[in-house]
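S.K.: Mind looking over this structure? Questions follow.
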Amino acid sequence: MQTKLIKCTINGKERELMIDVRASLTDALRNDFRLTSVKKGCEVGECGACNVLIDGECFNSCIYLAVWADGKDIRTLESLLGEGGELSDIQQAFVDEAAIQCGFCTPGVIMTAVEILDTKRLYTRDELRKLLSGHLCRCTGYENIINAVEKVMKKRLGLP
């Protein structure tokens, strides 16, 4: 087994790890850092359950090698919780809008929503649908997910 030392920032903390060069970022985050919000869905980059932010951009961590994370800033759903464990505005919107059913896809969808919201742009519902289209959800039908993202987007932009 060939290994490599990587250094990166995960959820605001500097981390260092000797990693198998064949390991996916999903495996490293789940197994080595115990960040279980990162879900193993399809493992081929099709479902979005494993989405994380890497230097502010969403990636399917199942097809992103952990060694590529060297020097990167990685954020998972765990980074959104407040110091006292309080939910972020987008997480609370998912609860309020009933955008969660089984919850398996939710962490990946929320991380994509974070990327969308960080642009500070006003998107139409059709644009939001396209931006969220990299996610497969078998439970909600997507409407409530779009409602939640739209709600937070408008609130952050000071719109009714």
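The values are calculated or read from the model by the stated rules, or taken from the named source; none is laboratory data. A quick note: this is a predicted structure, and the numbers were derived from the prediction, not measured. Just so you know, the surface numbers come from the protein's heavy atoms only, side chains and all, with ligands and any DNA or RNA stripped out. Shrake-Rupley method; radii C 1.70, N 1.55, O 1.52, S 1.80 Å.
S.K.: Please figure out what share of the DSSP beta bridges in the chain is antiparallel and state it in percent, rounded to the nearest 5. Before the final figure, lay out each step's value.
M.R.: Working: 15 of 17 bridges.
DSSP beta bridges in the chain are roughly 90 percent antiparallel.
S.K.: Of 13/40; 4/130; 40/151; 7/130; 40/130, which sit over 31 Å apart, Cα to Cα?
M.R.: Where the Cα-Cα span goes over 31 Å, the pairs concerned are 4/130; 7/130.
S.K.: Once both axes come from the Cα atoms, what is the angle between helix 106-118 and the longest principal axis of the chain, in degrees from 0 to 90, rounded to 10?
M.R.: 70
S.K.: In addition: Counting only protein heavy atoms, what percent of the accessible surface of the stretch 89-156 is carbon or sulfur at a 1.4 Å probe?
M.R.: Ligands and nucleic acids excluded, carbon and sulfur reach 52 percent.
S.K.: Please check: in the Gaussian network model of the chain (C-alpha springs, under 10 Å), which one of 79, 24, 37 has the largest mean-square fluctuation.
M.R.: 79
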